[in-house]
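Inspection log for the structure reproduced underneath, given as C-alpha cells.
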C-alpha cells in the first residue's frame, strides 16, 4: 500500500529568498519515516490563483495527500484557504467549530490579552465548505482538512512550531495508516580518496546486486581535490523495518568489499575507503 | 521590463527530507536582488519523466528563465539533461565543447588524479542538441544553457559551491540584463507587544497609503504570549534602487506613526512598538 504526498509551501518570503524552507524538509523527513512517499514539493507566492493552480495540479496527479504550509493567519496575505476554495469549488463559509477553536484560544489568554473576535480573527475560522478544522495546540489559526476527489487536502500554519505540533498530533497517524506500516531505512557510508565518476560504475553494480536498495552519492567537494569526501547514502523502503535495515546493511558491506578490491580510478593513498559510518 | 524565473531542484535527497534546500533560497535571493521575479520553486526526484514534466509546465507558463539545480554529475541518478531532452525533444548528443571542458578539468588534476575519460565522465558532456556548455570553475560537470520556446533553460550542478560559481560568473548578468535594471529593496521593522491579528488592519492601511510597497508580517511566536516578536517585512521593486528605498522607508515611518497612535488591540505595556530596525 503506497501513500503519496505533495507538499505545497505558500509565501512570498520563500520566492524572494528571505526564508529558508525548513518546513518542507521537516515534513518530507517525517512523511518518509512514516512510510509515505513525497513525490513533489512546490513553493508559490501569496497569490490565490497560483495556490489554486498547484492544488488542482496535485489532485490531478492523484496523490493521497496534499499538505500545504503557510497562509492561514489573520492578515490579508494569508490566502491558502481562498486558493483551496477556488481549486475545489467549495465555497468559503464561517465554520462554527473553527470559530469555537479560535474563540477558545483567545479566551485562554490572560486578561490584558483577552481580545475581541475582530474581523481578522474571524477570518481564521472561514473555511471551504465541508472542511474539518484541526486544533492548533500552540497558536490561533486551526489547521484544515478537506477531502476532494480522493485526495485529503491538509492545510497547516507556516509557523514551524505550530506546523509541527498539528502534524505530530493528528496528521502523522493518518499517513502511517495510509502507508500500511511500510518502513523506510537509511544509512550512509563516507568514502575518501575516490572521485564520484570512479564510484559511478560501482554504485551501478551494488544496486544491481541489491534490489530494493537505492544508492546515491553526495560529493562534499569538487572532484579531483585530494581527500574530498563523498557520502554514499543507502536507503530502502520495505514492509518491515528489520527487512529494510538488513537490505541496507548488506548493500553497504557489498560496497565496502568492492571498494576494497577496486584499484582502477583509486588514487594510491593506502587504506581507501577510509571512512565508514553505519 | 520583467524577468520571470522558475527554479527546479532535482534530487531524491530533497523529497526524503535528507537535504535542506539551501540552493533554492540562495538562487531566489540572488535573482530577486538582480531585479528578477521568482514565480515558482519546484523540487522533484531523480526521475526523467518528472523532470521533463516540470520543465514543460514551466515553459508553458512562459517564464523567461527555468533554472535547474542538481542532476548533472557522472552517476546513473544524474538525470536532469535526460529530462530536459525529453521535455524539449532535443536529442542528447556528445557536445565537443563540453567534452573539452570536462577533459581540461581532469588534465588540470595533478598526476595520480589524471583520470581517463571513462563513460561516466563522458556522460557529463552529453547534452541536448543545440546546448551551450557553461564552464564550471570549481567542479567537473559544466552548466548547460539551451533555449526553448522563448525560455532559457539553465542547468546548474547541485553542489552549492559549483552552483554559486557558475551563477555568479555567467547567469547573474543574463538576469540583470533581462530585468532591465529593476531594483528590489527590503527592510524590516520588529514589533513587540501586539498580536498579528491586531496588526492586520494596520498593514492594510499602510499598504493602501503606500502603493508599490508590500508589507508582510512574520510572527516569531504564537499569538497571545507576552512579548512575542513580529517582524514586519517591507519590500518594493522599482526602476531604481533609490526610489524603492525611499518608498520602503516612507512606509516604515508611516507604520511607526500609526502604531504609536493605535490603542485598540495593543496591550498596555508602554512604549510599543518596542523595536525598530532600518
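Quick note: the coordinates plus some simple rules give every number you see, no bench work behind them. All of these numbers come straight from a predicted model, not from anything done at the bench. Positions of Cβ are generated from backbone atoms using ideal geometry, with glycine treated the same way; all protein chains shown enter the neighbour counts.
Points worth noting:
- Label sites at residue B:172 and residue B:250, each approximated as a point 7 angstrom past Cα along Cα to Cβ, lie 3.1 nm apart.
- Label-point spacing for residue B:132 across the identical copies (point 7 Å from Cα in the Cβ direction), in nm and ascending order: 5.6.
- Range of Cα positions in the stretch B:147-190 per principal axis (Å), largest first: 41, 27, 17
- Antiparallel beta bridges, as assigned by DSSP with both residues in the protein assembly as shown, represent about 65 percent of the total such bridges.
- Residues A:13, B:43, sorted so that the one with the fewest Cβ neighbours within 10 Å comes first: A:13, B:43
- Fraction of beta bridges assigned by DSSP in the stretch A:62-219 that are antiparallel (%, nearest 5): 70
- Shielding value for A:61-73 is 1, the average number of Cβ atoms from other chains within 10 Å of each residue's Cβ.
- Bridge orientation summary for chain A: considering DSSP beta bridges with both residues in this region, about 60 percent are antiparallel.
- Neighbour-count order for A:124, B:174, fewest beta carbons within 10 angstrom listed first: B:174, A:124
- Rg over Rh for chain B works out to 1.10, using Cα positions for both radii and the Kirkwood form for Rh.
- Column: log10 I(q)/I(0), Debye, Cα scatterers of the stretch A:1-96, q = 0.18, 0.20, 0.24 Å⁻¹: -0.84, -1.00, -1.26
- Projected-area mean, the stretch B:47-175, by convex hull of Cα positions, square nanometres: 7.5
- MRE, 222 nm, helices only [DSSP H, n ≥ 4, -39500 (n - 2.57), over the protein assembly as shown, to nearest 500]: -11500 deg cm²/dmol
- Distances between copies at residue B:177, taken between label points 7 Å from Cα along the C-beta direction, are 5.8 nm in increasing order.
- The protein assembly as shown: C-alpha pair distances exceeding 42 Å, %: 26
- Working from label points 7 Å from Cα in the Cα-to-Cβ sense, the residue A:22 to residue A:258 distance is 3.7 nm.
- FRET efficiency, residue A:108 to residue A:49 (Cβ-Cβ, R0 35 Å, nearest 0.05): 0.45
- Average other protein chain Cβ within 10 Å of Cβ, residues B:29-35: 2
- Taking chain B as a Gaussian network of alpha-carbon nodes connected by springs under 10 Å, the highest mean-square fluctuation of the residues B:123, B:161, B:56 belongs to B:161.
- The same position residue A:147 in the other copies lies at 5.2 nm from this copy, comparing label points 7 Å beyond Cα toward the beta-carbon, shortest first.
- Normalised contact order of chain A, rounded percent, pairs of Cα under 8 Å and 6 or more residues apart: 17
- From the C-alpha gyration tensor of the stretch B:183-261, square roots of 5λ in Å: 24, 12, 9
- Residue of A:206, A:48, A:59 that the Gaussian network model of chain A assigns the largest fluctuation, springs spanning Cα pairs under 10 Å: A:206
- Comparing mean-square fluctuations of B:238, B:97, B:162 from a GNM of chain B with C-alpha springs under 10 Å, the top value falls on B:97.
- Considering all different alpha carbon pairs of the stretch B:95-169, the Kirkwood hydrodynamic radius works out to 12.9 Å.
- For B:37, A:119, the sequence from fewest to most other C-beta atoms within 10 Å is A:119, B:37.
- Counting Cβ atoms of other protein chains within 10 Å of each residue's Cβ and taking the mean over peptide B:125-136 gives 0.
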